[in-house]
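Here the structure comes first, spelled out in structure tokens, and everything after it is commentary.
Bear in mind these aren't lab numbers, they're just calculated from the coordinates by the rules spelled out. Quantities reported herein were computed from a predicted structural model and do not represent experimental measurements. In this analysis, Cβ positions are derived from the backbone assuming ideal geometry, glycine residues included, and neighbour counts consider all displayed protein chains.
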10 protein chains.
Amino acid sequence: MNEKQKLIETFENPNKERDYIIEHTTPEFTSLCPKTGQPDFATIILEYIPDELCIELKSYKFYLQSFRNDGIYFEAVTNQILDDLVGVCKPRYMRVIAEFNTRGGISSVIEVEYENENY
Amino acid sequence: MNEKQKLIETFENPNKERDYIIEHTTPEFTSLCPKTGQPDFATIILEYIPDELCIELKSYKFYLQSFRNDGIYFEAVTNQILDDLVGVCKPRYMRVIAEFNTRGGISSVIEVEYENENY
Amino acid sequence: MNEKQKLIETFENPNKERDYIIEHTTPEFTSLCPKTGQPDFATIILEYIPDELCIELKSYKFYLQSFRNDGIYFEAVTNQILDDLVGVCKPRYMRVIAEFNTRGGISSVIEVEYENENY
Amino acid sequence: MNEKQKLIETFENPNKERDYIIEHTTPEFTSLCPKTGQPDFATIILEYIPDELCIELKSYKFYLQSFRNDGIYFEAVTNQILDDLVGVCKPRYMRVIAEFNTRGGISSVIEVEYENENY
Amino acid sequence: MNEKQKLIETFENPNKERDYIIEHTTPEFTSLCPKTGQPDFATIILEYIPDELCIELKSYKFYLQSFRNDGIYFEAVTNQILDDLVGVCKPRYMRVIAEFNTRGGISSVIEVEYENENY
Amino acid sequence: MNEKQKLIETFENPNKERDYIIEHTTPEFTSLCPKTGQPDFATIILEYIPDELCIELKSYKFYLQSFRNDGIYFEAVTNQILDDLVGVCKPRYMRVIAEFNTRGGISSVIEVEYENENY
Amino acid sequence: MNEKQKLIETFENPNKERDYIIEHTTPEFTSLCPKTGQPDFATIILEYIPDELCIELKSYKFYLQSFRNDGIYFEAVTNQILDDLVGVCKPRYMRVIAEFNTRGGISSVIEVEYENENY
Amino acid sequence: MNEKQKLIETFENPNKERDYIIEHTTPEFTSLCPKTGQPDFATIILEYIPDELCIELKSYKFYLQSFRNDGIYFEAVTNQILDDLVGVCKPRYMRVIAEFNTRGGISSVIEVEYENENY
Amino acid sequence: MNEKQKLIETFENPNKERDYIIEHTTPEFTSLCPKTGQPDFATIILEYIPDELCIELKSYKFYLQSFRNDGIYFEAVTNQILDDLVGVCKPRYMRVIAEFNTRGGISSVIEVEYENENY
Amino acid sequence: MNEKQKLIETFENPNKERDYIIEHTTPEFTSLCPKTGQPDFATIILEYIPDELCIELKSYKFYLQSFRNDGIYFEAVTNQILDDLVGVCKPRYMRVIAEFNTRGGISSVIEVEYENENY
């Protein structure tokens, strides 16, 4: 578990025998561009089918806030969020969509997906 | 039948030989957070294919209102609504989508589904 | 043919060898609640693939208007519209979607479908 | 000061020499209909020009929540919110707009205004 | 008082010393065209500053429904609604806006206003 | 009266003692460009306060259709519609707004107004 | 080739080895109702996968304009546009969607499709 | 007259005795940033009351296109467009609004106005 | 000049004899709540009429970014932005509108205005 | 590698073992019509699944800007963008959608796709 993962708390899935979808959306993600040091802003959409564990909402907010002063690229941060969350809550399925604000007239969306092979 | 289920009335499906979809949407669901006691607000979308019974609309409204002063988590309440309704009207198919208002900058959607194996 | 069906006129499909979709949408459907006598309002979406016959638009308007002072439930009226139209124009495929206005904070959609087995 | 007013906390206006506008909007107001006991839902828009005191946001939320299980009419509750807040923070100007959800096919807006005569 | 006016009930204005605005909007008005007998549909927006009396919401709904099978022109019905309501509740100010659905590719809005000269 | 004006029929204003607003909007106006012969398309918004006479809706539709194969410029046609209608129904106030579709990447709006000096 | 087809010009597809989609949308289609002579208005959406030939845009505009004073039904004109264009440019796939403006409170969409069997 | 002004053609106002508004909107303005050489994009809204002369639409398009490869600041270009057009067509009133696309997360609007003192 | 003001650069107003409006909008403002340390997010709309000096856009972006890790209240930060900018560019008129994201179900807008008395 | 391709820079894909989607959208594409010399404007949507290499955002912007003064047809430019980008970054999948502004009342969309056969 890396430092960021330690911020994420979980609780027991109240309905393990059923596949169901949980989606959390926040328009308040911000990190820094590693090249220029300028802030980047994104909406993060997290969608998953829980197995044993659900992600606790408040700790998830703190996890996302921990990137506030990190310098990290669009593609890397989206992959890391997926990897960090999969590592902690081991879901049946998870998807992270990061919609970044316009830079130089171009807006970007990165979409990363994980499927647990046992399902 | 639990206390809440007793609130739900049904009427005979006027067209049993045909699979068709009924959808009821209400933006007026409210319950309490079990941790903080603060009110939560959600839009509840119910979609089902009736078998023998349809859900009576007014009693469904009273059923949803019965959560008004209950402390219950997002994931739990969405699963319970599905279980309660499936138990009472035994549909061919049912889906409950609960779209919760923003908390701490994060909005959440829980989507739960039931399929009767005989169809 | 029931009394309402006699209102519906048809014309010959100008292109029988091709499957194509005709969709008519009206936000001006109104009937009465059989319990309370209060008016209900809906948007009716009719979608079909004609076989030998197409539905004449003006007569379809008169057909829908004939429900204006009838007391009839959401589920029943949507199924009846499908049955009446299928009986008259014998389409390859037909779907009726009825989107009812909010009552008691809840809006409802009923969606009914017919497929001719020979296609 | 009535019981509800005691919930409202204030802080000193950081810029008393300048007239400026503060607006707080919440779509999460709910009370009960005094006739039927049914829940009502509204968006409350509060707009004011502070004089000596500003309204503390969290206590304002608790104040609005205190109506959750009160039976009170649209016109009365909107006037009361204005009176309660004017009484506590004595603003130069205040306006309360309450947008109530559709009931019986009719949505309602009540708009109440206060102007301190010394300005 | 004409027959329609008798349908309108009032209640005492809870705050007579203050000018404030009440607005009721319904997208569910329907009457008949006096020429063709065809149904017309409109959204009716009522805005008023009450004096001694407020209009009771449910009775206002019944009042509007009483036009359902009346043959009456756009301009006439909008003026009549204003006159009927002014006659019953004697407001300080009242405005009625009727937005009629498209007929022959043309949609129409009629806007009528009343001001009590004593204010 | 020119040829086009003869198409416009009027009826007596049902409420002459009151100033009120009538607005007719049609997105279905089309004429030809006098230079290129290419069709132009516009939404025409007519707003007026009637005096003795109101404009009959169906005849107004025929009046607008009479421009279908005329070659006429944006500025000229908007002024002519105002002049023709003022000439026929002699209103207290009238405004014509013509919103023309994009040509060469530029969309245009022409707005013309008439006020009867006696009001 | 009929008279209308002669208006359509083509150019060689710049990329024949790849299936790709070209879509042209115009909200400026108008023809006449064959019954009443009244103008009809539609948005025409043309979508196709070219084979040897692409449709030249300006000539396509003139082709659509040629219906301006023709009396023709919704279903017939949509099928004819597809047949005319398929006949001239022999595409791998083509779809025409015609969205007609509201008539008598009802809006209509006709959707017609062609697939070249060799693909 | 500068070089750009020579591109603008005018025609005689068809209705000089009446004040009326002409508005032309184009989302297709582009110039270059004088510092970085990077392209800027804006929507230009031109609104004016003509006196003797109206601006010919096609020549106005060419005038705006003449900035395509010019390096010029937001504030300067908006003022210049107003000055150039006022100089050529001498209107009673003119306003230019330039809405520039987001740069560095900031979008900008410049609004410049001219009033002829004789009106 | 405080430390933040030193970040703001200006350039000479290219058109001093004319009153005109400059508006800069950024949805990417973030600071910290002084109580909880949690990040706040806002859209900042700056509108001003320049006198001698215009605000350079890039330096304005850096100025706003300097609040990123400051703990400061909604009301205070909005007033400070106005004071800082007025102090540096001494405009004829300036308005700052800060639209803060939802916190506890309540969104807030603060609007502050400055007028130079010599205009 | 052609001259335009030399403008495109790449960086190593930070997550090669996973298929994920990168989407870049710019509403700021402009080129010239080869027939008339008039500017064309489009929104370019690029969507791809990277293999070894990702496209560097700033260089992609410069690549798109290089078309600014080129005369090139809609169909050709869309195919060229796909070919150029595939040639440089050799993705697992790529799609280019070009949405062109209205010309002669017709807007156009070109959609081109590439799939690497090894995936």
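Things to note:
- Helical runs assigned H by DSSP (4 residues or longer) give the protein assembly as shown a calculated mean residue ellipticity at 222 nm of -6500 deg cm²/dmol, each run adding -39500 (n - 2.57) before division by the residue total.
- Shown in residue order for region G:73-89 are the 3J(HN,Hα) couplings computed by the Karplus curve 6.51 cos²θ - 1.76 cosθ + 1.60 at θ = phi - 60°: 6, 3, 5, 5, 5, 5, 5, 5, 4, 4, 4, 4, 6, 4, x, 7, 10 Hz (x for Gly and Pro).
- The trypsin sites (Lys or Arg not before Pro) of region C:33-119 that meet both conditions, a loop assignment by DSSP and at most 14 other Cβ atoms within 10 Å of the site Cβ, are C:LYS35.
- Given R0 = 25 Å, the distance between the Cβ atoms of G:CYS33 and F:LYS90 translates into a calculated FRET efficiency of 0.15.
- Here the Karplus relation 6.51 cos²θ - 1.76 cosθ + 1.60, evaluated at θ = phi - 60°, turns the backbone of region A:16-32 into coupling constants of 5, 6, 10, 6, 8, 9, 10, 10, 10, 10, 10, x, 10, 8, 9, 9, 10 Hz, with x for every Gly and Pro.
- Sparse packing (at most 13 other Cβ atoms within 10 Å of the Cβ) combined with a DSSP loop state is found for the following GluC sites (Glu not before Pro) in region J:1-86: J:GLU3, J:GLU17, J:GLU52.
- Modelled FRET efficiency - R0 45 Å, F:THR43 with I:ALA76, Cβ distances, 0.05 increments: 0.45
- Shape of region I:1-46, Cα gyration tensor, a/c cut at 1.5: oblate
- Residues whose placed amide H lies under 5 Å from that of G:ASP51, excluding near-sequence neighbours: G:ARG92
- Shape call, region I:1-83: gyration tensor on alpha carbons, a/c limit 1.5: prolate
- Peptide J:15-21 has a mean shielding of 5, counted as Cβ atoms of other protein chains within 10 Å of each residue's Cβ.
- Full extension of the chain segment joining D:ARG68 with D:GLU117 gains 14.3 nm, where the gain is 0.36 nm per residue of separation less the Cα-Cα distance.
- Shape of the protein assembly as shown, Cα gyration tensor, a/c cut at 1.5: rounded
- From phi via Karplus (6.51, -1.76, 1.60), per-residue ³J(HN,Hα) for region C:50-63 in Hz, x at Gly/Pro: x, 10, 7, 10, 10, 8, 6, 5, 5, 5, 5, 4, 5, 4
- Each Lys or Arg adds one and each Asp or Glu subtracts one; over the other residues with Cβ under 13 Å from the Cβ of D:LEU32, this totals +1.
- When the C-alpha to C-alpha distance is required to be over 20 Å, the pairs from C:LYS35/E:LYS58; B:LYS4/C:LYS35; D:LYS4/D:LYS61; A:LYS61/B:LYS35; G:LYS16/J:LYS35; F:LYS4/F:LYS58 that qualify are B:LYS4/C:LYS35; G:LYS16/J:LYS35.
- Residue among H:ILE44, H:LEU57, H:GLY71 farthest towards the positive dipole end of region H:5-115, charges placed on Cβ: H:GLY71
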